[in-house]
1. Only Cα pairs under 8 Å and at least 6 apart count here; give the relative contact order of the chain as a rounded whole percent.
2. Under unit Cβ charges (Lys, Arg +1; Asp, Glu -1), what dipole magnitude, rounded to 20 debye, does the range 27-137 have relative to its Cα centre?
3. How far is the Cα center of the range 99-115 from the Cα center of the range 23-74, in Å?
4. Can you sort Trp82, Trp18 so the residue with the fewest Cβ neighbours within 10 Å comes first?
5. Among Asp62, Asp12, Asp130, which comes first, second and so on when ranked by fewest other beta-carbon atoms within 10 Å?
6. Just to verify a number: FRET efficiency for Arg140 and Trp18, C-beta to C-beta distance, R0 = 25 Å, to 0.05?
7. Normalise the Cα radius of gyration of the range 27-137 by 2.2 N^0.38 Å (N = residues in it) and let me know the number.
8. What ranking do Leu102, Leu26, Leu31 get, fewest neighbouring Cβ atoms within 10 angstrom at the top?
Amino acid sequence: MATANPEDVLIDPQTLPWIPMGGPGLFFRLLRLSPETGQFTIFIKLEAGASFAPHKHLGAADFFVLSGALRYRAGTARAGFWGYEPLGVFHQETNAEEETVLLYNGYGGVAFTATDGAVVGILDWEWIRDAAAAHAREARPAA
């Protein structure tokens with residue numbers, strides 16, 4: 001049953017922690033997860049020289065570069081650029097030569113692969129939820 005008047009969400013992202021994303025120099029800030037649809041919205045930060053492993057999109061995604069520049073299959077997305085990545089697209093290499101921050105909307109997961117194409121990890125709403133919860137537990141002061 002739908003709520004009569006659902007709650008709005010308003011977040012100051014600057015108050016959110018950067019959470020390690022599983023690779024060197026990769027971090028995220030969690031804005032929104034939707035268990036009902038699998039969608040998620042995060043800020044992603046790549047430190048200078050950081051890169052994503054080869055990956056296939058299991059759902060479409062779009063992103064907006066806030067600072068820096070992201071190099072990938074379609075070219076170089078600089079601050080102010082918006083990009084769309086369709087379901088099924090494969091990216092061999094995605095990297096940042098300078099610190100780069102982007103707003104990322106995932107409409108499904110991303111499967112990271114080894115050089116032989118074997119899936120070695122999946123980034124989806126559940127992984128993000130679990131990483132954020134683990135980070136929060138580690139950040140709590142010992143009682």
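What follows is calculated from the coordinates using simple rules that are stated; it is not laboratory data. Model, not experiment: these values are computed from the prediction. Because the Cβ atoms are built from the backbone with ideal geometry, glycine has one as well, and the counts that use them run over all protein chains shown.
1. Once normalised by length, the contact order is 25 percent.
2. 180
3. About 4 Å separates the Cα centre of the range 99-115 from the one of the range 23-74.
4. So the residues, fewest neighbours to most, are Trp82, Trp18.
5. Listing Asp62, Asp12, Asp130 from fewest to most nearby Cβ atoms yields Asp12, Asp130, Asp62.
6. Efficiency at R0 = 25 Å is approximately 0.90.
7. Dividing the Cα Rg of the range 27-137 by 2.2 N^0.38 Å gives 1.01.
8. Placing the least packed residue first, the sequence is Leu31, Leu26, Leu102.
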